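S.K.: Dumping the structure here so I can ask a few things about it.
Read-outs throughout are calculated quantities, based only on the coordinates presented, and are distinct from any laboratory measurement. All of these numbers come straight from a predicted model, not from anything done at the bench. Note: ideal-geometry Cβ built from the backbone for every residue, glycine included; neighbour counts use all protein chains shown.
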2 protein chains.
Amino acid sequence: MSVITIERKVLEKNDQIAQKNRDDFDANKVFTINVVSSPGSGKTSILERTIERLKGKLIISVIEGDVQTDNDARRISALDVPAVQIVTNGGCHLEARLVRDALENVDLDKTQLLVIENVGNLVCPANYDLGEAHKVVVVSTTEGDDKPVKYPNMFRNSSVLIINKIDLVPYLNCNVETLKKNALQINPSLKIFETSCTTGEGIDEWCSWLESHVVK
Amino acid sequence: MSVITIERKVLEKNDQIAQKNRDDFDANKVFTINVVSSPGSGKTSILERTIERLKGKLIISVIEGDVQTDNDARRISALDVPAVQIVTNGGCHLEARLVRDALENVDLDKTQLLVIENVGNLVCPANYDLGEAHKVVVVSTTEGDDKPVKYPNMFRNSSVLIINKIDLVPYLNCNVETLKKNALQINPSLKIFETSCTTGEGIDEWCSWLESHVVK
């Protein structure tokens, strides 16, 4: 039995469990996003700003994926939003099965928006469906404008691109227009937001997009 | 046959080929480093500054690993240093076998310093020995000061930490002392450099370290 066969079997099994998750989200009218990026692009900070804006308007639940530590779940819990931490113990991506286990601790009946924050990795999480409605890929301007062409799968499989740390552009060798052009070349239907968690730029537009997709 | 067994077998096989690479490096007195980091931390830029400083002093060869594109090899070749590009086509890390194939195009007899630039990924490359003398992990200050605790394997398996984009600290919420403390907690023997490819800070110290390790 070749490794390739095993990998295909792992992905097939993952897709089956992802579909069960999706069925549960649909049955409970929960809008679910899977937030993916490199380490340190600002996923958790965007989530903090999002929760600050939407708390009181929407009932949000969060599943945090990390290789190690429950730092991120603690940051979210500090905002009085229920957060379940998945520690992968070296695993480089979340799988549908891990999310399914975590869902035992999520009140889907009450939740309107479920945010799954994936492990910081711009490669492997691209291939694993978790049952989400959309993958949202975050890229920091500090990573440069060439990331979509160098890591195309993630941009191809995402519906939304958040270009974060937009406030740092004056200090960087990053052309945002080139970054957007590169991303749209890979995936012309990407919805793009430009954000800064420091200045708050773009967070309102991003939150409006989320609100417009919530179905209950 | 379980997936765990397959993974262990893959790693064992990888280690065997890595040892062959290492034997070849030793036989030819080539000092080899494996540079690892998140996407966009500045691996290629550091390499460009390093080559500018050391060209004429040392004979350098480069193996570039990327998920897609040969952009990085072209950046290195522009500096008149031989660069071999490995495109993993979606693969999230370099393996010893891929490096072994690439070595067919590297003149080890002449090379004094071989730099292998891995795929941008702070998780998976940690587990794959390529035959290098040292793993060098690069972290950008823009990624925040908590990365060592969130991705400990990479810091545990590296000998050197380069903290890059040090010039951006005034604009960031990143405490470099905390970052160093976190890294040394995981691996107390880490040799740490602080660099900026924009101002050139720290590049001389890093290059001196490389020079002191070259053996022919």
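S.K.: Set the Förster distance to 60 Å, then compute FRET efficiency between residue A:184 and residue B:15 from the Cβ-Cβ distance, nearest 0.05.
M.R.: 0.90
S.K.: Can you tell which of B:169, B:30, B:106 shows the greatest fluctuation in a Gaussian network model of chain B with Cα springs below 10 Å?
M.R.: Between B:169, B:30, B:106, it is B:169 that shows the largest mean-square fluctuation.
S.K.: Read phi for every residue in the stretch A:31-38 and hand back ³J(HN,Hα) as whole Hz from Karplus 6.51 cos²θ - 1.76 cosθ + 1.60, θ = phi - 60°, with x for Gly and Pro.
M.R.: With the stated coefficients, the stretch A:31-38 comes to 8, 10, 10, 10, 8, 10, 4, 5 Hz.
S.K.: Moving on. Taking amide H positions as placed in the peptide plane 1.01 Å from N, state which residues far from residue A:86 in sequence (5 or more) or on other chains have amide H under 5 Å from it.
M.R.: Those lying under 5 Å, H to H, from residue A:86 are A:64, A:65, A:66.
S.K.: Can I ask one more? Distances in nm, one decimal, shortest first, from residue B:212 to the same residue in every other copy, taking the label point 7 angstrom along Cα→Cβ.
M.R.: 5.8
S.K.: Next question. At a Cα cut-off below 13 Å, give the aspartates and glutamates reachable from residue A:180, other chains included and same-chain residues fewer than 8 away excluded.
M.R.: List returned: A:145, A:146, A:194.
S.K.: Hey, another quick one. In terms of modelled amide H atoms, which long-range or inter-chain residues lie less than 5 Å from the amide H of residue A:145?
M.R.: When sequence neighbours closer than 5 places are left aside, the close amide H contacts are A:175.
S.K.: Can you list, shortest first and in nm, the gaps between the label point of residue B:105 and those of its counterparts in the other copies, using a point 7 Å from Cα in the C-beta direction?
M.R.: Counterpart label points of residue B:105 in the remaining copies fall at 4.8 nm.
S.K.: Averaged over B:134-146, how many beta carbons belonging to a partner chain fall within 10 Å of each residue's beta carbon?
M.R.: Average neighbour count from other chains, rounded to a whole number: 3.
S.K.: Let me spell out the model: positive unit charges on the Cβ of Lys and Arg, negative unit charges on the Cβ of Asp and Glu, origin at the Cα centre of the stretch A:2-213. What dipole size does that give, in debye rounded to 20? If you can, show how the numbers build up before the last one.
M.R.: Details: 24 positive and 31 negative charges, 78 e Å.
Value, rounded to 20: 380 debye.
S.K.: Using the 7 Å Cα-to-Cβ label point, sort the distances from residue A:178 to its equivalents in the other copies shortest first and give them in nm to one decimal.
M.R.: Those label-point separations list as 3.2 nm.
S.K.: Same structure, new question: Taking amide H positions as placed in the peptide plane 1.01 Å from N, state which residues far from residue B:140 in sequence (5 or more) or on other chains have amide H under 5 Å from it.
M.R.: Distant-sequence amide H within range of residue B:140: B:164.
S.K.: Once the dipole of the protein assembly as shown is set up with Lys and Arg at +1 and Asp and Glu at -1 on Cβ about the Cα centre, which of A:176, B:187, B:142 lies farthest towards its positive end?
M.R.: The Cα lying farthest towards the positive end belongs to B:187.
S.K.: While we're looking at this one, here's another question. Any lysines with Cα under 25 Å of the residue B:110 Cα? List them, leaving off those in the same chain fewer than 8 positions away.
M.R.: Cα-Cα hits under 25 Å: B:20, B:29, B:43, B:55, B:57, B:135, B:216.
S.K.: Can you tell me which aspartates and glutamates have their Cα less than 17 Å from the Cα of residue B:9? Leave out same-chain residues fewer than eight positions away.
M.R.: Cα-Cα hits under 17 Å: A:7, B:95, B:129.
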